[in-house]
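Enquirer: The structure under discussion is supplied below as structure tokens; questions concerning it will follow.
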Amino acid sequence: MKINLGFRFLDRFWPALCAALVCWLLPAYADSKTRPNILFIMSDDHAAHAISAYGSKVNQTPNIDRLASTGMRFEHCFCVNSICSPSRATILTGKYSHLNGVPTFNRFDGSQPTVAKYLQQAGYYTGMIGKWHLGSDPTGFDQWEILPGQGVYFNPTFIHAGGRHVIQGYVTGIITDLSIDFLKNRPKDRPFFLMCHHKAPHRPWEPEAKYRADFAGKEIHEPATLRDDYATRTDAIRECTQKVFYDLTRNDLKLQPPGDLAGPARSQWLGVKPTAVEIEAGGHTIVLTNDALHDWMYQRYMQDYLACVQSVDDSVGRLLDWLDQNGLASNTVVIYTSDQGFFLGDHGLFDKRFMYEASVKMPFIVRWPGVTKPGTVQELMAINPDFAPTFMGMAGLPMPADMQGVSLTPLLKGETPPGWRASYYYRYYHDPGDHNTRAHYGIRTMTHKLIYFWKKDQWEMYDLVRDPDELHNLYNDPAQQETVAKLKAELYRLKKEVKDDDQYANQQPPPGTD
Ligand code: CA
């Protein structure tokens, strides 16, 4: 009787058992030749307009350009919440901040599904090297080695599954070394998925010596909006404290404290936002104030920022070379991006957070041999929730129903899918935050942008075709009211579509830095 029951059980569940067996065995026999490896290189705060392939007026990035010339460069890729931890959580989950639990610096719940877990379960060998900044330990990775929090530029500590250790040297080179070690030591019978996350060029912009020397005294082109007077704008941009002329500290500007200062007194000195600076020029000491000081502050900020970028560019070159030298280039997708954009003096600002173009625009370059046409530019709109679905698509996996992005695979093939996204929803929460940037949500279409600072009940609207620098807030222009109404309708349609029920609208942000 028992035997009969056993056979009946097997008979009933045999198809399911077979399917489970195939799913279990398939990854072990996954052919790394048919599924591409994925190398995802992400820097921190690297604005697209500091990449020469994106038309930079301030620097040259030959190695990132090399990737762009052999792959596809996205011209309209945007983040949905322009700040470090939220962008990282969105990239891992394919979800907006209000659904992945990281609207500001919340601890990432590592038990939730991520693209790393899906790829790992499908047989990919997964790795995470560098800046993680999500509070909890990484999950879904066969190997990980991360910086604690923001990490530091020189002689950084790294955390791994077995503990922590200090590695001597410069952080960008070390992350590259560790990434190459991962590639060398990976199991060769499985495809790999490696997230190589640089700390640079995040504040406090500490370059390695050779690039510090290269950029010392170099005159950097000023953006047209460096001296923006904020006429027509809401209070938010006036109230924020991320202004190049007023909010950079002595530490940011690498001013040297008096030799006898130590401990808290030294930190306090370095934290001061200077209103006058003494510099040595032509054998004389000159005191810079007002406009002369402002000119100098912009130059010092950008010299160090760009010097940090050069090391990141070197890293991309080393990784591309390694793939070439080891016969992996033809079956490895290489992606270069940054967790968000950055203000390079645009609107007089540094940092990110705001929904303005310099901040929300992400560099996004993809080389997928045999799929992306070399040297192409993609004009269709992509957002960072699309990254996880795209990796799923590259691995031939179905997209989980709860991911909110869309696979970019058709775009990478050069196709224009009918009804492709013409607008996207954005929401920033960190208010009050480190830079007193007011919380806001809004939408960007291919031609316009509407921003709502909900705690202040103030609006901005820009015509991006006529006013790409976003200098003229048209929200109160009587001639624009029809456009405003259409944008508002689209804003609330999208807000509902992405299931934003104001879950985090009034939550006080946990402590943390960007
Ligand atoms: Ca960042």
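Enquirer: Give me the percent relative contact order of the chain, please, defined on Cα pairs under 8 angstrom at least 6 residues apart.
Expert: RCO, the chain: 23 percent.
Enquirer: Carbon-plus-sulfur fraction of the accessible area of the stretch 220-297, 1.4 Å probe, in percent?
Expert: Of all accessible area on the stretch 220-297, carbon and sulfur atoms account for 52 percent.
Enquirer: Provide, in order from the shortest bin, the percent of all Cα-Cα pairs of the chain in each 10 Å bin, continuing until the bin that contains the maximum pair distance.
Expert: For the chain, the pair-distance distribution reads 4, 18, 29, 26, 14, 6, 2, 1, 0, 0, 0.
Enquirer: What is the Cα centroid distance between the stretch 203-271 and the stretch 455-514, reported in whole angstrom?
Expert: Centre-to-centre (Cα) distance: 29 Å.
Enquirer: Quick one: plug the Kirkwood hydrodynamic radius of the stretch 430-472 (C-alpha pairs) into Stokes-Einstein at 4 °C, 1.567 mPa s, and report D in µm²/s.
Expert: Roughly 115 µm²/s, to the nearest whole number.
Enquirer: Mind listing the phi-derived Karplus ³J(HN,Hα) values for the stretch 346-359, rounded to whole Hz, using 6.51, -1.76 and 1.60 with θ = phi - 60°, and x for any glycine or proline?
Expert: Using θ = phi - 60°, the values come out as 4, 6, x, 10, 10, 6, 9, 6, 5, 7, 5, 4, 4, 7 Hz.
Enquirer: Rounded, prolate or oblate: which one fits the stretch 220-297, using the alpha carbon gyration tensor with axes a ≥ b ≥ c (rounded when a/c is under 1.5, else prolate when a/b beats b/c, else oblate)?
Expert: It comes out oblate by the Cα gyration axes.
Enquirer: Within the chain, which is the longest segment containing none of the chymotrypsin sites (Phe, Trp or Tyr not before Pro) that sit in a DSSP loop and have at most 13 other Cβ atoms within 10 Å?
Expert: Counting only loop sites that pass the neighbour cut-off, the longest clear stretch is 30-419.
Enquirer: Ok, one more. As an exercise, identify the trypsin sites (Lys or Arg not before Pro) in the stretch 456-514 lying in DSSP coil whose Cβ has no more than 13 other Cβ atoms within 10 Å.
Expert: ARG466, LYS499
Enquirer: Please work out how much length the chain gains when fully extended from VAL272 to THR376, using 0.36 nm per residue of separation minus the C-alpha to C-alpha distance, in nm with one decimal.
Expert: Length difference between fully extended and current span is 32.8 nm.
Enquirer: Same structure again: Quick check: the distance between the Cα centres of the stretch 45-85 and the stretch 106-167, to the nearest angstrom?
Expert: Their Cα centres are 24 Å away from one another.
Enquirer: Would you please give the residues with an amide H less than 5 Å from that of SER43, counting only those at least 5 places away or on a separate chain, with H modeled from the backbone geometry?
Expert: Those lying under 5 Å, H to H, from SER43 are HIS198, THR337, SER338, ASP339.
Enquirer: Same structure, new question: Looking at HIS284, ALA236, ALA265, which one has the Cα that reaches farthest to the positive end of the dipole of the stretch 220-297 (charges on Cβ: Lys, Arg +1; Asp, Glu -1)?
Expert: Comparing the listed Cα positions along the dipole, ALA265 ranks first.
Enquirer: I'd like to check one number: the per residue accessible area of the chain, probe 1.4 Å, reported in Å² as a whole number.
Expert: Solvent-accessible surface per residue comes out at 41 Å².
Enquirer: Please compute the modelled spin-label separation between ASN436 and ASN476, points set 7 Å along Cα→Cβ, answer in nm with one decimal.
Expert: Taking the simple label geometry, ASN476 and ASN436 are separated by 2.2 nm.
Enquirer: On to the next question. Compute the FRET efficiency between ARG164 and GLU415 as 1/(1 + (r/R0)^6), taking r as their Cβ-Cβ distance and R0 = 56 Å, and round to the nearest 0.05.
Expert: Step by step, r from the Cβ atoms, then E = 0.75.
Enquirer: May I pose another question? With θ taken as phi - 60° and the coefficients 6.51, -1.76 and 1.60, list the Karplus ³J(HN,Hα) couplings across the stretch 226-243 in order, rounded to whole Hz; mark glycine and proline as x.
Expert: Per residue, the Karplus-derived 3J(HN,Hα) values read 4, 10, 3, 9, 6, 4, 6, 7, 6, 5, 4, 6, 6, 7, 5, 10, 10, 9 Hz.
Enquirer: Can you give the FRET efficiency to the nearest 0.05 for THR285 and ASP321, using r as the Cβ-Cβ distance and R₀ = 45 Å?
Expert: With R0 = 45 Å, the Cβ-Cβ based efficiency is 0.45.
Enquirer: Another question, if that's okay. Which log10 I(q)/I(0) values does the stretch 283-386 give at q = 0.12 Å⁻¹ under the Debye formula, counting every alpha carbon as one identical point scatterer?
Expert: The Debye formula, applied to the Cα set alone, gives -0.62.
Enquirer: When the Karplus curve 6.51 cos²θ - 1.76 cosθ + 1.60 is applied with θ = phi - 60°, which whole-Hz ³J(HN,Hα) does each residue of the stretch 479-487 get, with x for Gly and Pro?
Expert: 6, 9, 5, 5, 5, 4, 5, 5, 5
The values are calculated or read from the model by the stated rules, or taken from the named source; none is laboratory data. Small disclaimer: the values here were computed from a predicted structure and weren't measured. In this analysis, Cβ positions are derived from the backbone assuming ideal geometry, glycine residues included, and neighbour counts consider all displayed protein chains. Accessible surface is based on the protein model in full, side chains and every heavy atom, while ligands, DNA and RNA are left aside. Shrake-Rupley method; radii C 1.70, N 1.55, O 1.52, S 1.80 Å.
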